[in-house]
Every structure is written in structure tokens, then in C-alpha cells.
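What follows is a set of notes on a single structure, which appears directly below.
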Amino acid sequence: MQNTSFFGNMQWYHFIILLVLVQIIIGLITAKSKYRNYVGQILVTTTVATMSVIYYLLSTQFPTRGATSRGSTAATVPRLWIMLIIPTCIIFLIGIFRRKEEPDEPFGRMDIVFGTVALLVISILSFEYIGYYLASALFLGFCMYLLGYRKLKVVGIISVTWVIFTYFVFHRILYVPLPVGKLFELFI
């Protein structure tokens, strides 16, 4: 990635480091405040909002050539998501500060966290071989099962619905081909 300047001579990686430091400061301040029982929720929410800002800034560097007749570019989908994510984070933070949200759960099961991360890594690595569609359906199914949801019919319906939704949005509407994988390239 080129050294793109967002604010004067501050490079993109300097800005990311600055945002990480801001997150650490938010965590330290929250841990010492009357909202210490909400530190996890506040950090996750502000991290999601921070990542959204970073992705928005990165999307300003996406090429605009090849825009479709509908005016969409490579930056369209990230910006649409960001326009939904940031207001949602703000609404959630307002709920926390008004104490309408439940306090954080006590330290939980890290095996589920590591299992989810492992499933995510396996899913991403499998894109090349089995494609995005099958990998994401399997990821959703296994993740839901790992998180304790045992109604397999519902898990299957959600996974298939997600694949159909992403196919229509990315392939049919935005003309963004997702990887089909080496296994399915044999049949195409």
C-alpha cells in the first residue's frame, strides 16, 4: 500500500497507530470510571467505530475507474456498511452511558473465542480451494454450532440464505465476483 496522506503529512499507518493509542486510553479511562462494568462493551463498540473510520479513509484511495452505470465503485459497499455501523455504535454507546445495557459478563470461555478465530482462519484459507460461498456457509454453520445453537435446520437455512444474499448483492448487483474455488472451477 502506498504511503497515502490523510491529514497533512500524517501517513496512514501513523493515523492507525494514533487510533490504537486512543483505544488504549479509552480502555484505561473506562476501567477507572463509574462505567468500569461496561469496559468490554465500550472497547468493542469504539473499536468497531474506529475500524470503520479507518476503512472509510482507506476507501477514499480506491480507484474510481470502472464505475458501473449505477455509479457504484469499489468503495460503495464499504461506505454503505460504514454508514450503518457508525450510527449503530453511537446508539449503543448512548445506551451504555444511560445504563440501559446490561453490564459486561464476567470473564468467559476463551475456548469459544479461540475456536471462532480458528474457524475464521480456516474459512479464509479455504476460499482458494472451495470458494467463498461454500466456505462462508460452512463457517456460519460451524460457528453457530460452536456458540451453542443446536437447531440444525435453522442453521442450514441461515447459512444458505446468507450465501444466496451475498451472491445476489455481490455478483448480480455490484458485479463483484467472489472466489468460487479450485474445486468448482472444474465445473465452470
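Throughout, read-outs are computed from the coordinates displayed, never taken from laboratory work. Keep in mind the model is a prediction, meaning the values are calculated, not measured. Backbone-built Cβ (ideal geometry, glycine too); neighbour counts: all protein chains shown.
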Cα-derived Rg over Rh, computed across region 108-188 with Rh taken as Kirkwood radius: 1.02
Mean separation of Cα contacts under 8 Å, 6 or more apart, over the residue count of the chain: relative contact order %: 16 percent
Cβ crowding within 10 Å averaged over residues, with 100-109, 75-84 ranked highest first: 75-84, 100-109
Helix-only CD estimate at 222 nm, as mean residue ellipticity for the chain, using -39500 (n - 2.57) per DSSP H run (n ≥ 4): -22000 deg cm²/dmol
Kirkwood-based Rg to Rh ratio, the chain, C-alpha trace: 1.01
Burial order of peptide ranges 31-41, 146-156 (average beta-carbon count within 10 Å, highest first): 31-41, 146-156
Mean shadow area of region 8-59, taken as a quarter of the surface of its Cα convex hull (nm²): 3.8 nm²
Centre separation in Å (Cα based) which lies between region 70-136 and region 32-55: 14 Å
